[in-house]
Amino acid sequence: MSAAQKRGLGRGLAAILPTAESSENELLSDNGRILQSLANAGLDQLASTTKLDLLAYLHLPRFNEPVLFLRKPELSMLSPTRVYRLFDRFVQAARSGMLEGTFTEEATVTVFLRTPGTTSDGVHFLGRTDALIDSTALRTTTHTFASICNQFVAGMPTDLLTPRLIVELNDEGTTVHVLPGDDLRRGRAVSTDPQEAVVRAVLEASGSALAYRDAREVIIGDEHAVLVVLSEHNGTPHPGFVLSEDDLLQATAAATLRALAGR
């Protein structure tokens, strides 16, 4: 994998900086700015790969107000009546509880894809005027980024294990050992990429059938985070996202366990 590819999950996480106007950012809390950056990164990725006339992400916390990120169309291009009708459609889709569905509003055929989380759900709205959208190819991106947003808002689960790692540098690259304990057995992996070695060692120690897809450090404003993406044999992604401090490899292990736990 090239250095350019390692900088982000496609184009999205390569551009994981806040995109709102500075005046809007000043009104947000630190957590609000991070959530905005994550949501916009997912919208960036979708916009760069698919022609869409409607593109939005609705974040639905269990015990707080929902937050809507509307990329297309711009509000300034809509009449008040159309804004009302469009937002009413968003509300209906959110209240339906369905994981996937469609609606048509003024010739724009829209698919919505819902990703449940432990303390919040994320709903992506993808629409095209006078044309159907095959949502199959978009599920991976929407699921990955909505899961990242859900996991960030939920915070790190307190009941996840903390793997004990031994890291060795040698001619082959980086060797990572996971010491046995709790529900983990012994694991070992070697890679030229230290984060990949950690993920593969934790996977071996857990006995999981999921496969390594990606691992990277991302910078969100002043925060450092780690994203690990595992994959089923059919390509279904299982992301794990944690904010990190000084120990990148330990955070990578924690993100891997989060991906395995799915929360």
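By count of other Cβ within 10 Å, fewest leading, how are Glu100, Glu217, Glu65 ordered?
Placing the least packed residue first, the sequence is Glu65, Glu100, Glu217.
Between Glu245 and Thr104, what FRET efficiency comes out of the Förster formula 1/(1 + (r/R0)^6) with R0 = 41 Å and r the beta carbon distance, rounded to 0.05?
In this case the efficiency is close to 0.30.
Put +1 on the Cβ of each Lys and Arg and -1 on the Cβ of each Asp and Glu in the range 103-157; which of Thr110, Ala131, Ile148 then has its Cα farthest toward the positive end of the dipole?
Of the options given, the answer is Ile148.
Cα convex hull of the range 89-141: mean projected area in nm², to one decimal? Walk me through the intermediate numbers first.
Numbers: hull surface 15.0 nm².
Projected over every direction and averaged, the Cα hull of the range 89-141 covers 3.7 nm².
Run the quick spin-label model on Ile219 and Lys72: label points 7 Å from Cα toward the beta carbon, then report their separation in nm to one decimal.
Result for the modelled spin labels: 3.0 nm.
Relative to a virtual label point 7 Å from the Cα of Arg185 in the Cα→beta-carbon direction, which members of the range 238-263 show backbone nitrogen distances below 19 Å?
Residues 257, 260-261 fall inside that zone.
Which one of Thr236, Gln195, Gln250 has its Cα pushed farthest toward the positive end of the charge dipole of the range 164-261, where Lys and Arg give +1 and Asp and Glu give -1 at the Cβ?
The listed residue farthest towards the positive side: Thr236.
Please report Rg (one decimal) and Dmax (integer) in Å for the Cα set of the range 217-263.
Considering the range 217-263 through its Cα atoms, Rg and Dmax are 11.1, 36 Å.
From the gyration tensor of the Cα coordinates in the range 164-261, what semi-axes in whole Å does the equivalent ellipsoid have, largest first, with each one equal to sqrt(5λ)?
Numbers: eigenvalues 70, 59, 33 Å².
Its equivalent ellipsoid spans semi-axes of 19, 17, 13 Å.
Where the centre of each part is set by its Cα atoms, how far does the range 98-149 sit from the range 192-263, in angstrom?
25 Å
Restricting attention to the range 63-109, which chymotrypsin sites (Phe, Trp or Tyr not before Pro) occupy a DSSP loop and are surrounded by at most 15 other Cβ atoms within 10 Å?
Phe63
Taking θ as phi - 60°, what are the ³J(HN,Hα) couplings along the range 173-181 by the Karplus curve (6.51, -1.76, 1.60), each to the nearest whole Hz, with x for Gly and Pro?
x, 10, 9, 10, 10, 9, 7, x, x
Dimensions of the chain along principal axes (Cα, Å, largest first)?
Principal extents (largest minus smallest coordinate, Cα): 63, 40, 37 Å.
Can you put Lys51, Lys72 in order, fewest other beta carbons within 10 Å first?
Values: Lys51 8, Lys72 16.
Fewest-to-most ranking of Lys51, Lys72: Lys51, Lys72.
Using the C-alpha atoms of the range 58-192, what convex hull volume per residue, in cubic angstrom, is computed?
174 Å³
Could you sort the peptides 197-204, 243-250, 52-59, 130-137 by per-residue average Cβ neighbour count (10 Å cutoff), highest mean leading?
Averaged packing, sorted descending, gives the order 197-204, 52-59, 243-250, 130-137.
Only the coordinates and a few stated rules stand behind these numbers; no lab work does. On a predicted model such as this, the values are computed, not experimentally measured, just so you know. So basically every Cβ, Gly included, is an ideal-geometry build from the backbone, and we count neighbours across all protein chains shown.
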